Amino acid sequence: MVADVIVVQEQDFDVAAEYARFAGDATIGAVVMFVGRVRDLNPQPELIALELEHYPKMTERALQQIVADAKARWPLDAVTLIHRVGPLRPAEQIVLVLTASAHRDAAYAANAYIMDYLKTEAPFWKKEVTANASIWVDARESDQTARQRWE
Amino acid sequence: MISVVYFARLKEVLGLAEEQLPQSPATVADLIDLLAARGGVWAEELAGGKVFRVAINQEMARLSDAIPEGAEVAIFPPVTGG
């Protein structure tokens with residue numbers, strides 16, 4: 001039995017090392033990986049960095065709740081959820097979600113569910129820093145809609 | 001008494017990260033009315049039709065939720081992580 005990992009950290013993560021945690025567990029038939037990265041195709045030109053702020057007292061509890069809800073809904077063997085905070089440059093990794101299950105349907109659905117809830121319920125905020133300005137990223141209606149499909 | 005914490009854009013616009021309120025508003029809606037009555041940016045952000053979220057003791061809350069004595073209430077913009 002592989003333990004869940006739910007972490008908020010400044011440092012980068014290594015997807016190979018995280019995947020390797022599931023090595024040797026023959027109950028796991030499917031692992032789905034999602035990595036969110038800093039992209040630079042915003043209306044705001046010349047993105048230098050993304051600043052990620054969070055609400056430290058609440059963040060881990062919110063992430064644990066999202067993972068617990070996913071595990072109540074699908075037969076998951078293990079979940080890894082790592083979210084970075086602090087300054088991040090374009091192409092850097094922001095978030096990792098690994099969902100492991102006996103079945104791929106559960107692994108796919110739970111992975112999407114966790115990201116949809118994370119994007120609407122977990123207290124993180126992005127700010128885009130350019131040469132001339134820094135602007136808080138607005139929440140997207142489409143994220144709200146994506147979450148509602150699970151209700 | 002309750003404490004109120006602000007995050008992200010709201011923290012910057014209001015110019016405040018945290019404060020203690022001697023009053024204990026009964027509900028989130030009462031707290032928002034109290035803060036909006038300060039006028040200026042407070043009214044603009046909290047009573048001007050802008051969207052914000054509230055958490056009571058680190059759990060997402062609604063306007064109608066009761067605020068327990070000594071609670072930490074957080075007010076912040078819709079989240080944008082991931």
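The values are calculated or read from the model by the stated rules, or taken from the named source; none is laboratory data. It should be emphasised that the depicted structure is a prediction, and the values quoted were computed from it without experimental measurement. Heads up, the Cβs are rebuilt from the backbone with ideal geometry, glycines too, and the neighbour counts pull from every protein chain shown.
General remarks:
- Selection count where residues are farther than 22 Å from A:ARG61 by Cβ and part of a loop (DSSP other than H, G, I, E, B), scope segment A:3-30: 11
- Only one of the listed residues (A:ARG39, A:ARG73, A:ARG84) is surrounded by fewer than 21 Cβ atoms within 10 Å (Cβ to Cβ), at pLDDT 95 or above and of a type in the set (D, E, K, R). That residue is A:ARG73.
- In the set (1) crowded, with 16+ Cβ neighbours inside 10 Å; (2) of a type in the set (A, V, I, L, M, F, W, C); (3) touching a Lys or Arg at 6+ places or on another chain (Cβ under 8 Å), A:ALA91 fails one condition alone, (1).
- Scan of segment B:30-76 for residues that are outside any loop (DSSP other than H, G, I, E, B), over 12 Å from the mean Cα position of the chain (by Cα) and within 11 Å of chain A (Cβ to nearest Cβ), ordered by number: B:GLU59
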